[in-house]
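Everything on this sheet refers to the single structure shown next.
Each reported figure results from applying straightforward, stated rules to the coordinates on display, with no laboratory input. Computed from a predicted structure; not experimentally measured. With ideal geometry, Cβ positions are generated from the backbone for all residues, glycine too; neighbour counts draw on all protein chains shown.
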Amino acid sequence: MVNSESNSYEEVAVIEGDGIGREVVPAAVEVLDAVGDFEFRTARAGDAVRAETGEALPQETYDTVADADATLFGAAGETAADVILPLRTAVGSFVNVRPARAYPGVDAVQPETDVVFLRENTEGVYAGHEDRLSEDLSTLTRVVTTSASERLAAFACEFVADRGGDAFQVVHKSNVMRETDGRFRDAVVSVADDHGLDTEEVLMDAFATRICLDPTQFDVVVCPNLAGDVLSDLAAGLVGGLGLLPSANIGPDNALFEPVHGTAPDIAGEGVANPSAAILSAAMLLEHLGYDGEAAAVRGAVESVLESGPRTPDLGGDAGTDAVTGAVIDRLD
Ligand code: GGG
């Protein structure tokens, strides 16, 4: 794929990370290779690199990601905080887009689920201000700024408008965290008002119940950082598991794509990890780079395989990662 500005192949940084990241990322790269020509730049991060070098995220990897047109990342285990958070910073990401949808043919607790979480990606409890104050006491400072909340809300308004919508839900817990979530809610609602969009406020605990009972109430859901992480994993449970959820960490000029799942140490190395979330993340990468046709072809192929192709054990099948990936490639239009 040729970058129109530099007139060279798009550079995609590839970081497998740990555990099943080493199985599902190569699968997604195979699919990208099947739909176009990319300049892949492989880089290392995670538990294994830290064990070898003492550093979970070498500077070289950070630079590779910052310089690439986009990045495909797998998963990090114990070192997640030392890898994922700086990688999101490397691409300047302020929002993590996490679509959770049920697919025909996949056994889902809630087959009508089709929700996109827009997760604030820079602050909240993820800001990293933790302290051990004594043998008995540790604390965590939760950071919420009006500017980050407004930036997320502006993205949400554009995202909703692009989908032809006129409203979104705002999840928070401002009845308890009055200052932080109150600030988040006020900023998001005010930006939506300025854009002429309606918002429905939903307390995050109530949201957890409501989405389990009837996910059709929700479409685009704007969340603080940790709530977005937890609630999207909950939604994964409604649609058939974490093997199905892709994500995009979007920044102003760069982006990083990763399956929502982690390293899955219980099945790592067995060749049975579901590659769908990583391949769907690659589809989001293609769309982000402007290759809408290729993105649609990849999504269509994944959907077709989920409906009537080989499936990995998490979806009740006995196929391996390679068989599912091969079937996706065979079904690309
Ligand atoms: N694929 C990303 C990954 O490693 N997920 C595990 C995890 O701990 N994620 C935390 C987060 O997304 O903030």
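Just subtract the alpha-carbon distance of Glu60 and Thr42 from 0.36 nm times their residue separation and send over the number in nm, one decimal.
Stretched out fully, the Glu60 to Thr42 stretch lengthens by 5.4 nm.
Just how large is the dipole of the chain about the Cα centre, in debye to the nearest 20, putting +1 at every Lys and Arg Cβ and -1 at every Asp and Glu Cβ?
The dipole magnitude comes to about 540 debye.
Say each of Asp193 and Ala51 gets a label point 7 Å from the Cα, pointing the same way as Cα to Cβ; how far apart are those two points in nm?
Distance between label points: 5.4 nm.
Excluding Ala206 itself, calculate the net charge of residues whose Cβ lies under 12 Å from the Cβ of Ala206, where each Lys or Arg counts +1 and each Asp or Glu counts -1.
Value of the local net charge: -1.
Sorting check: for 289-295, 187-193, which peptide has the highest mean count of neighbouring beta carbons within 10 Å, and how do the rest follow?
Order by mean packing, descending: 187-193, 289-295.
Show me 58-69, 158-169 ranked by packing, highest mean number of other Cβ atoms within 10 Å first.
58-69, 158-169
Starting from 0 in steps of 10 Å, tell me what percent of the Cα-Cα pairs of the range 163-291 lands in each bin.
Cα pair-distance distribution for the range 163-291, in percent: 11, 33, 37, 16, 3, 0.
Per-residue HN-Hα couplings for the range 298-310, Karplus 6.51 cos²θ - 1.76 cosθ + 1.60 at θ = phi - 60°, whole Hz, x for Gly and Pro?
So the Karplus estimates, Gly and Pro as x, are 5, 4, x, 5, 4, 4, 5, 5, 4, 6, 8, x, x Hz.
Apply the a/c threshold of 1.5 to the C-alpha gyration tensor of the range 259-333 and tell me whether it is rounded, prolate or oblate.
oblate
At Ala161 and Glu179, where each label point lies 7 Å from the Cα along Cα→Cβ, what is the point-to-point distance in nanometres?
3.5 nm
Taking 0.36 nm per residue of separation and subtracting the Cα-Cα distance, what length does fully extending Asp205 through Asp292 add?
Gain on extension, Asp205 to Asp292, equals 27.7 nm.
Using a ≥ b ≥ c from the Cα gyration tensor of the range 1-117 (square roots of the eigenvalues), is it rounded, prolate or oblate, where a/c under 1.5 gives rounded and otherwise the larger of a/b and b/c decides, a/b for prolate?
Note, shape of the range 1-117 comes out oblate.
In the range 175-222, which trypsin sites (Lys or Arg not before Pro) fall in coil by DSSP and have 14 or fewer other Cβ atoms within 10 Å?
Of the trypsin sites (Lys or Arg not before Pro), the ones in loops of the range 175-222 whose Cβ has at most 14 other Cβ atoms within 10 Å are Arg178.
Over all distinct alpha-carbon pairs, what is the Kirkwood Rh of the range 65-185 in angstrom?
Result for the range 65-185 stands at 17.2 Å.
Would you mind checking which residues have amide H under 5 Å from Asp198's amide H? H placed 1.01 Å from N; only 5 or more apart, or other chain.
Distant-sequence amide H within range of Asp198: Ala167, Phe168.
How would the range 109-239 be classified by its alpha-carbon gyration tensor: rounded, prolate or oblate, with rounded meaning a/c under 1.5 and the a/b versus b/c comparison settling the rest?
Oblate shape, in that a/c is at least 1.5 and b/c is the bigger or equal ratio.
Remind me, what semi-axes does the chain give for its equivalent ellipsoid, largest first in whole Å, using sqrt of 5 times each Cα gyration tensor eigenvalue?
For the chain, the ellipsoid semi-axes come out as 30, 24, 21 Å.
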